[in-house]
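Coordinate-derived values only; no laboratory data. It should be emphasised that the depicted structure is a prediction, and the values quoted were computed from it without experimental measurement. No Cβ is skipped: glycine too gets one built from the backbone with ideal geometry, and neighbour counts run over all protein chains shown.
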Amino acid sequence: MQDSKEMREVYCESLVQMAATDPRIVVVEADLMNCIKTGPFKKAYPDRFFDVGVAEANMVGISAGLATCGKIPFCSSFGTFATRRCYDQIFISVAYSKQNVKIVGTDPGIAAEINGGTHMPFEDMGIMRGIPGMVCVEPTDSAMLRSLMPQIVDFNGPVYIRLFRKKTEKIFEDGASFDLFKAFTLRKGADVTIIASGIMVSRALDAAEQLKERGISAEVVNVYTWKPIDDETIAKSMRKTGAVVVAENHNVFNGLTSAVAEVAAKLCPVPIESVAVKDQFGEVGKMPYLSDRYGLNVSNIVDAAIKATKRKI
Amino acid sequence: MDKQKVKFLNDKADDIRKLIIEMIGRLGVGHVGGSLSIVELLTVLYYDKAKVDPARPDDPDRDRIVLSKGHAGPALYSVLADKGYFPLDKIRTLNQPGTDLPSHCDMNKTVGVDMTAGSLGQGLSCAVGMALAGKIDKKDYRVYAIIGDGESQEGQIWEAMMYAGNMGLDNLTIFLDDNKMQIDDYTANINSVEPFDKKCEAFNLRSERVNGHDVKAIAEAIDRAHAAKGKCTCIVLDTVKGHGVPFAVSKGVGSHSFSISEAEWREFCGKEAD
């Protein structure tokens, strides 16, 4: 079922709502206000809204400067430009300087659709994960986003938010609450654990249904915060099922597969299969085409789960 | 500015120069040239113009000084030590393991440093953010940003300049340490940033060029910047890399970073033994 609200709508609503009582919250854009739809924030708090134009490095640097004066800046761009384009500024002016800046990268992976390869971030979480202290989170749907936003404000440090901009599949009930630093087990199972994030969560749930028909009991864990990763929940599930499939709308390198493999290596070595982009660039297309192109479909998760169970030691 | 003040600032600049040479000399190597070229500017800021108090380094109402050319850390550390932000002895720890005084300025390590810098081009954007925060909060603190001429080959400098100019940030004053050299050669031989003042004006800032080793000229230029309502000012400081230290100036382009012998620094500082 499609979500009732666009993610960006909830993002801005949350900011406007929190900013009413928290004067620290400011918004810095780089000419994509009309894409992420933070116009209502600008309207409500014109003196706390800045659009620096097409200059992502400056957006991040200005945000860092605002943060040194006690502000909590939220800055955003498409995921490619919010990360790659200004990586050193995020690394030095924000993270190394310990500044409380929240960076939003929209249109994750194949969600970039017809903006194509130049705009299709398959590496954003990977490179952000490599920055010491950076929290990396991909909210699953609008209910989760609404729950996480106050926690993101309360967390005193840099956060990268990988944000699907439009209506995504609705997974959670409105009003549900989540812990920014915990994974959420959506479905209990015994034979294989499917660890999924973002648009892959609904596909993982569909795959679990299909696997059930084949006599395989799949547990589905939504790991929305990739760093710091909830290794406790993941390891517990790994110990129970003994096999894992990671489903991510991201490059297999440096992404959720890598993060989960790190947990497995440390706490519970089990076979891991991955449904992810296999070291490829993006290209233009709608999501169904791109899902086929990069092998991100429900069927790919089902196949991977069967393979993982066969690899059990 | 009266003669007594000029003398005080010039004497102070001499003290700071000696501290820089002692600090780098004790270590043996460091960014000498670009530290020495901003001595008079830092002296005017910290001992005359800037509203700063070593007893309250985190005062939210203090003026901010962003050394975007972060490799000139030893110059800033010398001033901070002399002002009493930390004990003078600390200058002996420059770049020692676990030090609070790293080559490049770090706001989380050194008391009194307002922004981390070192990856060139970034500090000016941060200074713009500080100035915007001052506007939001209707505070009257000022922000001073110090950039290098070589550093101004970074595109981010011009992103920040354009925004500061267009926003009319009159609480931000930018200083270009125009010492005309960078690591590889004279800036003019690599990729000239001139005419810098004209570029600033084209970016909707006001700009003027003064002798960067004349404390009175610097102070008066700052006064004019403060008086220019609704305009961000960039003061281009004509400077000499290594200024005031003959064995540094004589190295020319090589003065950026070089080794100093114990005999050299002790002679310059007039310190025969510890």
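Average partner chain C-beta neighbours within 10 Å, per residue of A:63-75?
Mean shielding count: 6.
PRE reach from A:I313 (point 7 Å along Cα→Cβ): which of segment A:200-241 fall under 20 Å by backbone N?
Only A:231-241 fall inside the zone, counting backbone N under 20 Å.
Nearest 10 degrees, 0 to 90: what angle lies between the long axis of helix A:200-213 and the longest principal axis of chain A (Cα atoms)?
The answer is roughly 20 degrees.
For chain A, what is the calculated [θ] at 222 nm in deg cm²/dmol (nearest 500), taking -39500 (n - 2.57) for each run of four or more DSSP H residues and dividing by its residue count?
-11500 deg cm²/dmol
Among the DSSP beta bridges whose two residues both lie in the protein assembly as shown, what percent are antiparallel, rounded to the nearest 5?
For the protein assembly as shown, the DSSP antiparallel bridge percentage is about 15.
Any idea what diffusion coefficient segment A:184-310 gets from Stokes-Einstein, in µm²/s, Kirkwood Rh on alpha carbon pairs, 10 °C, 1.306 mPa s?
In µm²/s, the coefficient is 112.
What percent of all Cα-Cα pairs in chain B falls in each 10 Å bin, counting up from 0?
Here the calculated profile for chain B is 7, 32, 38, 19, 3, 0.
Please give the helix A:298-310 orientation as an angle from the longest Cα principal axis of chain A, in degrees from 0 to 90, rounded to the nearest 10.
On a 0 to 90 degree scale, this one is about 50.
Taking the Cβ-Cβ separation of B:D274 and B:D184 as r and a Förster radius of 51 Å, what is the calculated FRET efficiency to the nearest 0.05?
For R0 = 51 Å, the calculated efficiency reads 0.85.
Test of understanding: ordering B:C126, A:C86 by Cβ neighbours within 10 Å, fewest first, what list do you get?
Taking fewest neighbouring Cβ atoms as first place, the list is A:C86, B:C126.
I'd like the per residue volume of the convex hull spanned by the Cα atoms of segment B:180-258, given in cubic angstrom.
It comes to 91 Å³ per residue, whole-number rounded.
How much of the DSSP beta bridge set in segment B:110-236 is antiparallel, as a percent to the nearest 5?
Counting DSSP beta bridges with both partners in segment B:110-236, the antiparallel share is about 5 percent.
Once every DSSP H run of n ≥ 4 in chain B is given -39500 (n - 2.57) and the sum is divided by its residues, what mean residue ellipticity at 222 nm do you get, rounded to the nearest 500 deg cm²/dmol?
The helix-only estimate for chain B comes to -11500 deg cm²/dmol at 222 nm.
So if we plug the beta-carbon distance of B:E208 and B:K229 into 1/(1 + (r/R0)^6) with R0 = 22 Å, what FRET efficiency do we get, rounded to 0.05?
Efficiency, rounded to the nearest 0.05: 0.85.
How do A:C136, A:C69 rank when sorted from fewest to most other Cβ atoms within 10 Å of their own Cβ?
The most exposed by this proxy come first: A:C69, A:C136.
Go through A:A20, A:G53, A:A30 and say which Cα lies farthest out towards the positive end of the charge dipole of segment A:1-67; charges sit on Cβ, +1 for Lys and Arg, -1 for Asp and Glu.
So the residue we want is A:A20.
I want the antiparallel fraction of DSSP beta bridges within segment A:7-163, as a percent rounded to 5.
Here the antiparallel bridges make up roughly 0 percent for segment A:7-163.
Label segment A:7-163 by shape, choosing from rounded, prolate and oblate, from the square roots a ≥ b ≥ c of the eigenvalues of the Cα gyration tensor; if a/c is under 1.5 it is rounded, and otherwise prolate applies when a/b is larger than b/c, oblate when it is not.
The shape class here is rounded.
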